Amino acid sequence: MTLSKIFLIAVALFSLAIPVWAVELVKGENLVELHFLLQLRRVDFGQSHTSINNEGQVYSGFIAKRGEIRLEGSLNEENLRWGIMLDPIGLSNKITQDAYISLEYIPFFNIKMGQFKYPQNLDGRTSNAKLIMIERSILGRTFGTKRDLGIEFSYNHKYFEYALGLVNGSGQNNPENNDKKDWVARVLAKPVPYISLGGSIYRGRQPSGITQRTAAEVKFNYKNFILQSEYQVGKDSSLERWGVYLQASYQVGNIVQPCLRGEIWEPGKNNLKDKKSIIAGGINFFLKGESTKISFNYFLVTEETNETDNNEFIMQWQLSF
Ligand SMILES: [Ca+2]
């Protein structure tokens, strides 16, 4: 066990002893909040020793998936916000997740600079603690949930939401690798409180070739019922990939939430008959709020050709405040 993991477990135990959602480290004008997310899993998959959800995992077993420690605060009557987020459990080159300063002086025009998750698709934008299924869709994590260094202009209004970013394009914790900057945007309309619909795009040029993404998304959230769907196509040099999914969930009281998702994913558009269809079903049992829970998911994976035994069962314990 590495020192960083021992440190993380110490933080987790310390945190469990504090019965509040966000810990105020410093009182006064310069308030600092501590947030925490711990995801621990038992994963079982078929004889093929390949997992669609846990790349590089060859054997079934226990996984410490995430241990995110987030510090954030604001100055000047919340016109200036800042945040850093570390994950000592993750890969060594991914420990620093977020590091940003955000200026919120101009109406409808917040400006953020640093490293952060840039705006791209709905599943990717959903924070790790608030995911309904244990794993994102393949579309969501292939094209979304990516971080980079750059600047972002955004605003979240009752009737609309936009985010426009300019980023290096070289990815999280990587130095810039060419003179080109990539641009990215996501725009949503919210005509009524329970519907949001919109899309996102990414246009960039890497040393290896162009990067392009185009996505459309819709979310319907009425009382305890959530239905969301999105489509996205992406091009990296000559590799073209696309996916589409539909996900539904219903929360019964404050205790239990069954969820279901169907997805089609094509990892290489130029290859014939390499599509996968994934049907995932699960249930969440809430222990405190919606972010501290025990979840069970089953993934039924069907290949268009070369069917492999890679169906997967995941149990996850998640603590978050
Ligand atoms: Ca670049």
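Could you grab me the full set of residues in the stretch 273-307 that are among the basic types (K, R), within 25 Å of E68 (Cα to Cα) and modelled with pLDDT under 95? K288, the sole residue that qualifies. Going residue by residue through the stretch 16-27, is there one that turns out to be modelled with pLDDT of 60 or more, at positive phi and assigned to a strand (DSSP E or B)? Taking every residue of the stretch 16-27 in turn, none turns out to be modelled with pLDDT of 60 or more, at positive phi and assigned to a strand (DSSP E or B). Considering only residues in the stretch 240-283 that are closer than 17 Å to N221 by Cα and among the aromatic types (F, W, Y), the one that is farthest from the chain's Cα centre (by Cα) turns out to be Y250. Annotation: N178 fulfils all but one of (1) within 16 Å of the ligand (Cβ to nearest atom); (2) of a type outside the set (S, T, Y); (3) surrounded by 19 or more Cβ atoms within 10 Å (Cβ to Cβ); the unmet one is (3).
Being in contact with a Ser or Thr (Cβ under 9 Å, 6 or more places away or on another chain) and part of a strand (DSSP E or B) is a description that applies to G83.
Taking L149, is it within 16 Å of the ligand (Cβ to nearest atom) and under 20 Å from the mean Cα position of the chain (by Cα)? It is true that L149 is within 16 Å of the ligand (Cβ to nearest atom) and under 20 Å from the mean Cα position of the chain (by Cα).
Scanning the stretch 240-268 for residues that are surrounded by fewer than 15 Cβ atoms within 10 Å (Cβ to Cβ) and under 19 Å from T211 (Cα atoms) turns up just one, G268.
When the residues of the stretch 181-197 are filtered to those that are hydrophobic (A, V, I, L, M, F, W, C) and within 16 Å of the ligand (Cβ to nearest atom), the one that is surrounded by the most Cβ atoms within 10 Å (Cβ to Cβ) is V184. Only one entry in G165, G209 is within 16 Å of the ligand (Cβ to nearest atom) and either buried (at least 17 other Cβ atoms within 10 Å of the Cβ) or aromatic (F, W, Y) (or both), namely G165. When G144 is tested against (1) in contact (Cβ under 8 Å) with a residue 24 or more places away in the chain; (2) surrounded by fewer than 20 Cβ atoms within 10 Å (Cβ to Cβ); (3) not hydrophobic (A, V, I, L, M, F, W, C), exactly one condition is not met: (2).
Take the conditions (1) buried (at least 18 other Cβ atoms within 10 Å of the Cβ); (2) within 17 Å of R66 (Cβ to Cβ); S127 misses just one of them, which is (1).
The values are calculated or read from the model by the stated rules, or taken from the named source; none is laboratory data. Owing to the predicted nature of the structure, the values given are computational and were not obtained by experimental measurement. Glycine gets a Cβ as well: all are built from the backbone with ideal geometry, and neighbour counts include every protein chain shown.
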